[in-house]
Amino acid sequence: MAGYETEINNAWLALQVYPSSRVEIFANTTFNSGVSSITDFGYDAGALTGPLFGLDYPLHSSSMSGFSNLDIRWFSQVVGANVRVTNNLVVNGMLTYQDYNDDEPWLYDSTGKFLNVYAGVSWIF
């Protein structure tokens, strides 16, 4: 009989600070990891009345065990600030960094890093 083993870890931390009435500084950090796999997988040919053409039970059993393996780590960091220049004008900026690591890619390897810088101006009516 097949089993499924998994371990998932998540951590999250957010910070929001107002050093003055016109300045907001914020940060958000997340970390996610997951490892899982099928264990003890084996096709049972005992219930069949005869062999099926082209079906190799030992080969399918060994290849299927690693089919849905999962081993990922994802780290994300966001920092930014909003500064109220006047009662109507707000200047804001944000930096986002993400690091995704896929140690068991299946269809394609999605491992990679991402860096995004955002700057903006808002007008409050």
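Only the coordinates and a few stated rules stand behind these numbers; no lab work does. Just so it is clear, the model here is predicted, and its values are computed rather than measured. As a convention, Cβ positions derive from the backbone with ideal geometry for all residues, glycine included, and neighbour counts pool all protein chains shown.
Distances between placed amide hydrogens fall under 5 Å for T111 paired with D102, all partners being 5 or more residues away or on another chain. Here the simple spin-label model places points 7 Å from the Cα toward Cβ, and for E5 and Q98 these points are separated by 3.0 nm.
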